[in-house]
Amino acid sequence: MTSSAANRRTSLSAFLLGALLLLLLGGAAAVWALNRFPQVAQLAGLQPPADALVPATQPRAVATVPIGPQPLTNAVPVDALPATEARVATLEARLARVENATSRAESSAGRADALLVAFAARRAIDRGVALGYLEPLLTERFGPTHPQAVATIVTSSRRPVRLDQLAADFAVLAPTLKAAPESDSLWQTMRRQMGDLVTIRRADQPSQRPIATYDRAVARLNSGQVDQALAEAMRLPGITAAPAWVGNARRYIAAHRALDQIESAALLAR
């Protein structure tokens, strides 16, 4: 019993081993046949047909370029051209007005600045004080165009002469100005005195007597007409004894003429 059971187990194992070997051999043969003969794989449905592997050629679209002039899609209609030109002309005219207004505003601002500097300089000269911060402003604003006037004003501000000072000094010099200079000879003194006794002149001419001349000079000084006061004072017999007053009067006149010049330039400034 024992030996027969062992024999059956041995024969079963041999049978299974043989079946497995046959399966392996069959699979290898099938793989070789499929690789060797593609038709067999196609018949078995394991590989698509050869014509299915080749992609179908699609017809290539050829772009056709139209021959001849193309229509302008963005062209401006002919009827719209006059309106467009009129609008452009209107815009140009408006721009020109804006530019003119800007130019006038800049000109007015420059004129105002120049007048402010000129008036401030005159006030400083009349008060007899130094220009201070006005000196560089005056030089910058009027120096390039009126250098002589600016130099005169700056020099006068460093040695100021006031109108009331001129009038006061002239009053102090009154006896000297009316009297004959000591250098005159006796004959010149007598001749002048005789001339003062009898004077023949036209009615429209002022008197040449020293007292009348002095009074006219004082009146001119009090009214601020220093140039005319100096002209009257130069006719006085004792004017040679007052060179300092004459120098101060001339400096005052030169400074105010220079101020008049820069004020005129400020009015015409742009």
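The values are calculated or read from the model by the stated rules, or taken from the named source; none is laboratory data. Remember, it's a predicted structure, so these values are computed and weren't measured experimentally. So basically every Cβ, Gly included, is an ideal-geometry build from the backbone, and we count neighbours across all protein chains shown.
For the range 127-152, the tally of residues that are in a helix (DSSP H, G or I) and out of contact with any Gly (no Cβ under 6 Å at 6 or more places or on another chain) stands at 15. Quick one: how many residues across the range 224-270 are in contact with a helix residue (DSSP H, G or I) (Cβ under 6 Å, 6 or more places away or on another chain), of a type in the set (A, V, I, L, M) and more than 23 Å from residue 137 (Cα to Cα)? Residues that pass the stated criteria total 8.
To keep it simple, each residue is scored yes or no on (1) within 30 Å of residue 234 (Cβ to Cβ); (2) modelled with pLDDT of 90 or more; (3) outside any helix (DSSP H, G or I).
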site	(1), (2), (3)
75	no, no, yes
83	no, no, no
96	no, no, no
109	no, no, no
112	no, no, no
123	yes, yes, no
176	yes, no, no
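For the range 200-231, filtered to residues that are more than 52 Å from the chain's Cα centre (by Cα) and part of a helix (DSSP H, G or I), the residue that is modelled with the lowest pLDDT is 210.
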